[in-house]
Amino acid sequence: MNMVPTWPAPTIHETSVFTSIPAHLVKRRDGGRAGFLEGPSFDRLGNLFCVDVQAGRIYKITPARQWDVVIEYDGIPNGLKLHRDGRAFIADRKNGLMVLDPFLGTIETVLAGPRAGERFKGLNDLHFASNGDLYFTDQGRTGLQDPTGHVYRLTAEGRLDTIVSNAPSPNGLVLSKRENALFLAVTRTNAIWRIDLDDPALRVGLFVQLPCAGPDGVALDSDGNVIVAHPTLGAVWVFSRTGQPLHYIKTCAGDMTTNIAYGGAENRTLFIMESRTGSVLTVTLPTAGCPMFGTSGPSF
C-alpha cells in the first residue's frame with residue numbers, strides 16, 4: 001500500500017521588479033557583493049526599511065521607490081524589524097542587537113552578548129511577538145560541523161531566555177498566528193523547524209524539509225501559512241500549516257532570495273529581497289500577510 005501523501009502541485013507565480021539599488025548607492029566592502037539586501041520591514045507610512053549587509057547601511061525606500069540612506073555605520077546588519085514606536089531593531093553580526101532611531105539618525109548596541117563579558121556568535125534575524133517580546137537568532141559560523149546556533153527571546157521586561165542552543169545555522173524566524181509555536185529556518189539542514197512554545201521543554205520538530213541550500217527568511221500570512229525564502233533556488237515557497245506546498249514563486253531576477261515581508265495595499269503584496277542583483281521583487285498572492293507584530297507591543 002502506498003502511504004505517501006499526494007498533494008496538488010503548488011500554484012506557480014511570477015514576480016516583477018519593484019526597484020533595484022541605485023547605481024550611486026552601490027558600495028562593495030571587503031570584496032563582497034554589491035547591495036546585499038536583507039531585513040525588509042515596513043513602517044506605518046508604507047516606507048520599506050532594509051539592510052545592506054556589505055555596505056553597513058540601513059535604507060529607506062519610499063512607496064515612490066526613492067532610496068535614502070538612513071545611516072551607514074561600522075557594523076554588519078543582517079536583520080531588521082520595526083517596533084511600534086518607530087525604532088528599528090537590528091540583528092548585527094558584528095555588534096549584536098542594536099537599535100536605530102531613524103528620526104535622529106542614531107544607533108547603539110543594546111545587547112552585545114548573552115552574558116557580561118561574552119559576545120554573540122553573529123546575530124542573523126529577529127521577530128516581534130504581540131506582547132513586545134523579541135525573538136532573534138544567533139547564527140555565526142555554525143553548521144552541521146558545529147550545531148550550536150542559538151535562538152533567544154528578549155522579553156519586554158528585559159529578560160533574556162534561551163529557546164534552543166543546538167541549531168546548525170539558525171536564520172529567519174516567525175511566530176504562528178496563536179504565537180504558541182515558532183517556525184525557524186535552519187539553513188545548514190535545509191529545513192524549517194517548528195518549536196512548540198506551549199511545551200515546557202520547548203519541544204522541537206521538523207516542519208518541512210527542503211532541497212538544495214537554504215532556507216533564509218520566513219513570514220506568515222493571515223491564514224497561518226508559512227512563507228519561506230529559498231536562496232540559491234531563486235524561489236519563495238508558501239506552505240500550509242500542515243506543511244503542504246501551496247504556492248511556488250520563481251524570481252525574475254537573480255537566485256539569492258534572502259528575505260520577505262508583506263506590504264502595499266491591504267498588506268497583500270509580498271516583497272522579496274533578491275540580494276545577488278540588489279533588487280526588491282513583488283508578487284501578489286491570494287492571502288494577505290499578517291500584521292507586523294512589532295507595531296503592537298509595548299516599548300522596551
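The values are calculated or read from the model by the stated rules, or taken from the named source; none is laboratory data. Quick caveat: nothing in here was measured; it's all calculated off a predicted structure. With ideal geometry, Cβ positions are generated from the backbone for all residues, glycine too; neighbour counts draw on all protein chains shown.
So, of the residues in the range 173-195 that are touching a residue at least 40 places away in the same chain (Cβ under 8 Å) and of a type in the set (D, E, K, R), which turns out to be nearest to Ser222 (Cα to Cα)?
Among those that are touching a residue at least 40 places away in the same chain (Cβ under 8 Å) and of a type in the set (D, E, K, R), it is Lys177.
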For the range 240-263, what are the residues that are more than 16 Å from the chain's Cα centre (by Cα), under 20 Å from Val17 (Cβ atoms) and not in a strand (DSSP E or B)? Thr251, Cys252, Ala253, Gly254, Asp255
Take the range 169-191 and flag every residue that is more than 15 Å from Gln139 (Cβ to Cβ) and assigned to a strand (DSSP E or B). Val174, Leu175, Ala181, Leu182, Phe183
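Per-residue answers, yes or no, for (1) part of a strand (DSSP E or B); (2) over 13 Å from Asn171 (Cβ atoms); (3) free of Cβ contacts under 8 Å to residues at least 40 places away in the same chain; (4) not β-branched (Val, Ile, Thr):
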residue: Asp198; (1), (2), (3), (4): no, yes, yes, yes
residue: Leu202; (1), (2), (3), (4): no, yes, yes, yes
residue: Gly205; (1), (2), (3), (4): yes, yes, yes, yes
residue: Cys212; (1), (2), (3), (4): no, yes, yes, yes
residue: Pro215; (1), (2), (3), (4): no, no, no, yes
residue: Asp223; (1), (2), (3), (4): no, yes, no, yes
residue: Val228; (1), (2), (3), (4): yes, no, no, no
residue: Leu233; (1), (2), (3), (4): no, yes, yes, yes
residue: Val238; (1), (2), (3), (4): yes, yes, no, no
Collect the residues in the range 127-160 that are basic (Lys, Arg) and within 20 Å of the chain's Cα centre (by Cα), keeping them in residue-number order. Arg141, Arg153
Would you say Phe136 is of a type in the set (Phe, Trp, Tyr), closer than 21 Å to Thr189 by Cβ, crowded, with 18+ Cβ neighbours inside 10 Å and in contact with a Gly (Cβ under 9 Å, 6 or more places away or on another chain)? yes
Pair list, Cβ under 7 Å, 6 or more apart: the range 103-123 residue within 19 Å of Gly86 (Cα to Cα), other residue among the polar types (S, T, N, Q): Thr109/Asn95
Can you pull out the residues in the range 38-84 that are more than 18 Å from the chain's Cα centre (by Cα) and basic (Lys, Arg)? Arg44, Arg65
Residue by residue through the range 8-28, note down the ones that are at pLDDT 80 or above and either outside any strand (DSSP E or B) or of a type in the set (Phe, Trp, Tyr) (or both). Pro8, Ala9, Pro10, Thr15, Phe18, Ile21, Pro22, Ala23, His24, Leu25, Val26
Search the range 33-52 for residues that are without any contact (Cβ under 8 Å) to a residue 24 or more places away in the chain and pair each with any residue that is part of a loop (DSSP other than H, G, I, E, B) and among the hydroxyl-bearing types (Ser, Thr, Tyr) when their beta-carbon atoms are under 9 Å apart and the residues are at least 6 apart or on different chains. Leu45/Thr62; Asn47/Thr62
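Here are some residues: Leu154, Leu144. Which one is among the hydrophobic types (A, V, I, L, M, F, W, C) and buried (at least 19 other Cβ atoms within 10 Å of the Cβ)?
It is Leu154.
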Residue that is touching a Phe, Trp or Tyr at 6+ places or on another chain (Cβ under 9 Å) and farther than 16 Å from Arg241 by Cα, where the choices are Val151, Val208, Val174: Val151
Determine whether the range 283-296 contains at least one residue that is small (Gly, Ala, Ser), at positive phi, modelled with pLDDT under 95 and surrounded by 20 or more Cβ atoms within 10 Å (Cβ to Cβ). no
